[in-house]
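Below: one structure, written as structure tokens.
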């Protein structure tokens with residue numbers, strides 16, 4: 001037998017049993033816990049990334065301090081070398097070791113067979129030379145569409 005209808009109102013169906021209270025609590029707990037867990041996971045990822053960035057930053061600062069210390073040490077060594085190779089100081093040291101200045105007629109030159117002297121100076125090529133420009137890019141990247149089509153169709157004869 002069909003349910004009774006009054007006008008356009010549909011009849012309500014009754015459930016044989018209501019949902020258990022623990023199911024409602026489970027749904028509510030899941031609805032609250034899931035966004036909370038997602039928030040915690042995203043926060044943990046954020047903290048992990050920030051920790052890595054902070055460590056990298058500290059390492060960069062440490063390396064910059066080390067670089068500055070090495071640059072200072074290098075400058076001190078260059079200064080010391082300049083002081084040690086000062087011509088007056090070197091002359092005094094040579095005199096203390098027993099060396100004396102010589103006259104040109106006291107100098108004796110030796111001729112060594114096979115020694116041709118210092119090699120001839122060859123100036124380096126300028127940085128804008130055509131040899132470097134040719135070697136920068138592969139021809140595949142410098143070829144235009146028209147060049148490619150001409151090369152592609154170059155072997156094909158035109159039909160009569």
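The values are calculated or read from the model by the stated rules, or taken from the named source; none is laboratory data. The structure displayed is predicted, hence computed values, not measured ones. Heads up, the Cβs are rebuilt from the backbone with ideal geometry, glycines too, and the neighbour counts pull from every protein chain shown.
Points worth noting:
- Exclusive hit being touching a helix residue (DSSP H, G or I) at 6+ places or on another chain (Cβ under 9 Å), assigned to a helix (DSSP H, G or I) and at pLDDT 85 or above, set 90, 95: 90
- Filter pass, residue 68 being at pLDDT 95 or above and surrounded by 10 or more Cβ atoms within 10 Å (Cβ to Cβ): yes
- Of all residues making up the stretch 103-160, the number that are part of a loop (DSSP other than H, G, I, E, B) and modelled with pLDDT of 75 or more: 24
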